[in-house]
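Reading through the C-alpha cells given below for one structure.
The values are calculated or read from the model by the stated rules, or taken from the named source; none is laboratory data. Since the structure is predicted, the reported quantities are computational estimates derived from the model, not experimental observations. Note that each Cβ is placed from the backbone with ideal geometry, even for glycine, and that neighbours are counted across all protein chains shown.
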Amino acid sequence: LTREFHTLGAALEGIRIQVDRRLEEILPPGDGRNGRLLQAMRHTLFASGKRFRPALVLLGTEAVGGERADALDCACAAELLHTYSLIHDDLPSMDDAELRRGIPSSHRAFDEGTAVLAGDALLTLSFELLAASYPEKGAALVLELARGAGYRGMIAGQVQDLASSGTTPDEETLRFIHENKTGALIVACLRMGGILGQGPGNLLDALTRFGRAVGLAFQIVDDILDETAEESQSGKTAGADRNAGKVTFPALYGLPKSSRFAQDLTEQAVRDAASLPYPDLLVDLARYIVQRTA
Ligand code: IPE
Ligand code: IPE
Ligand code: MG
Ligand code: MG
Ligand code: MG
C-alpha cells in the first residue's frame, strides 16, 4: 500500500486480523472422521486471501452509519462463500488451476472429490453462519447472499465463462460474465453490510450502484493481473486466461484500454458512493482495487 492508502491499509489489516480470528473460532482444526475435510476447508480458507469481501461487508455497514462489530460474522460468511467459489473455480473441469493463494489448489493438495466437498461444505457453512448469528436479520441476509451467489448471479457468470472459453469475445457477453461471476457477490456483500447497518432502501440502492461499478472494475483488474502479474505476487499461475482462451477485457480491448475502463468505473463508483453518509473508506477501497498488484 502506498502512502495515500495509509488509513485504508490500517483498516484492511485490522479487518484481516479480526476476520481471521473469528474464522478460526468458526472453523477450528479437528481430527477423527472429519479431520481431512476440515483440513481441506482450512487449506484454501487460511491461505493468503486479501479478505476484500469481508472488508466490503464491514465498510458497507460503516458507510450507512452502523457498527462494524455487528457485521463480523456476516463478513466471515462472505469469505467462506468466496473461498468455496475459488476451490470450485480451480477444479480440472473448470479452470484447471494448480495454484491458489500461493499454494497448491484444493484438488492438487487433496483430491478432486475432497475439493468438491470442501467447497460444498464452505458454501453451506456460510448460510448456516448467517442463520445462526442473526436471528432477526438472517433471512434478509440469506436472501442477498443466495441471490448474489446463485443461478442468477455468480453461477450464471461462471457458466457463461465456461461456455465462452475459446470463442471470440463480444462486449455484451464479457460484461455479463464479469458482472455475474464477480460483481454479483460484491454487490451482495455491500448490501448485507448495509442491511446490518440499518441502512434504508435509498442507501442500499447506492451501495448496489457502487458495487456494480466496483465489481466490474475488480474483475477487469483481475484479468489484467492475469497477464501482467508475477506468480509470486498473485499467487496464481500467470497467463492462465490466455492459455485457456478465456473471454477477458485485455483479450477484447488490450491492456491500456482495459485499465482505462477500470479507472473510469472506479470514478463512477466514487460518484455513486457520494450519497452514503460515511463513504470515505469505501471510496479508498474502490481506488485501491484498481491500483492493486495482487
Ligand atoms: C479472485 O478473488 C476471484 C475473483 C472473483 C477475481 P480475489 O482476488 O479477491 O482472491 P483472494 O480472495 O484475494 O484470494
Ligand atoms: C473467478 O474468476 C470468479 C469466481 C471464482 C466466481 P477467475 O477464474 O478469473 O478467478 P481467478 O483468476 O481464477 O481467481
Ligand atoms: Mg474462472
Ligand atoms: Mg479461475
Ligand atoms: Mg482471473
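The numbered conditions (1) surrounded by fewer than 18 Cβ atoms within 10 Å (Cβ to Cβ); (2) among the polar types (S, T, N, Q); (3) under 28 Å from GLU172 (Cβ atoms) are all true for GLN233 except (3).
Per the listing LEU86, LEU99, LEU122, the residue uniquely at pLDDT 95 or above and away from ligand 4 (no atom under 16 Å from the Cβ) is LEU122.
Tell me the residue from ALA156, ALA115, ALA78, ALA163 that is more than 13 Å from ligand 4 (Cβ to nearest atom), closer than 26 Å to GLY245 by Cβ and under 16 Å from the mean Cα position of the chain (by Cα), please. Walk me through how you get there before you give the answer.
Values: ALA115 fails: under 16 Å from the mean Cα position of the chain (by Cα); ALA78 fails: closer than 26 Å to GLY245 by Cβ; ALA163 fails: under 16 Å from the mean Cα position of the chain (by Cα).
Result of the check over ALA156, ALA115, ALA78, ALA163: ALA156.
Residue-by-condition table, conditions (1) modelled with pLDDT under 95; (2) away from ligand 4 (no atom under 16 Å from the Cβ); (3) under 16 Å from ARG292 (Cβ atoms):
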site: ARG191; (1), (2), (3): no, yes, no
site: ALA206; (1), (2), (3): no, yes, no
site: GLN219; (1), (2), (3): no, no, yes
site: ALA240; (1), (2), (3): no, no, no
site: LEU265; (1), (2), (3): no, yes, yes
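Only one entry in VAL247, VAL214, VAL221 is touching a residue at least 40 places away in the same chain (Cβ under 8 Å) and not in a helix (DSSP H, G or I), namely VAL247.
Among the candidates GLY14, GLY9, GLY35, GLY65, which residue alone is assigned to a loop (DSSP other than H, G, I, E, B) and surrounded by fewer than 17 Cβ atoms within 10 Å (Cβ to Cβ)? Steps first, please.
Values: GLY14 fails: assigned to a loop (DSSP other than H, G, I, E, B); GLY9 fails: assigned to a loop (DSSP other than H, G, I, E, B); GLY35 fails: assigned to a loop (DSSP other than H, G, I, E, B).
Matching residue, one of GLY14, GLY9, GLY35, GLY65: GLY65.
Residues in region 1-57 that are under 26 Å from GLU112 (Cα atoms) and of a type in the set (Gly, Ala, Ser) were compared, and the one that is farthest from ligand 3 (Cβ to nearest atom) is GLY32. Any chance region 24-39 includes a residue that's touching a residue at least 60 places away in the same chain (Cβ under 8 Å) and over 16 Å from ALA121 (Cβ atoms)? No, region 24-39 has no match at all.
If you filter region 172-215 down to residues that are of a type in the set (D, E, K, R) and under 19 Å from PHE249 (Cα atoms), you find that the one that is farthest from the chain's Cα centre (by Cα) is GLU172.
When restricted to residues that are within 10 Å of ligand 2 (Cβ to nearest atom), among the hydrophobic types (A, V, I, L, M, F, W, C) and not in a helix (DSSP H, G or I), region 71-94 contains 1.
Among the residues of this structure, ALA244 does not count as one that is among the small types (Gly, Ala, Ser), in contact with a helix residue (DSSP H, G or I) (Cβ under 6 Å, 6 or more places away or on another chain) and more than 13 Å from ligand 1 (Cβ to nearest atom). Evaluate region 226-236: report whether one residue or more is assigned to a loop (DSSP other than H, G, I, E, B) and away from ligand 2 (no atom under 11 Å from the Cβ). So far as region 226-236 goes, yes, one or more of its residues are assigned to a loop (DSSP other than H, G, I, E, B) and away from ligand 2 (no atom under 11 Å from the Cβ).
Selection of region 269-286 for residues being more than 16 Å from ligand 1 (Cβ to nearest atom) and either surrounded by fewer than 18 Cβ atoms within 10 Å (Cβ to Cβ) or within 13 Å of PHE218 (Cα to Cα) (or both) yields ALA269, ARG271, ALA274, SER275, PRO277, TYR278, ASP280.
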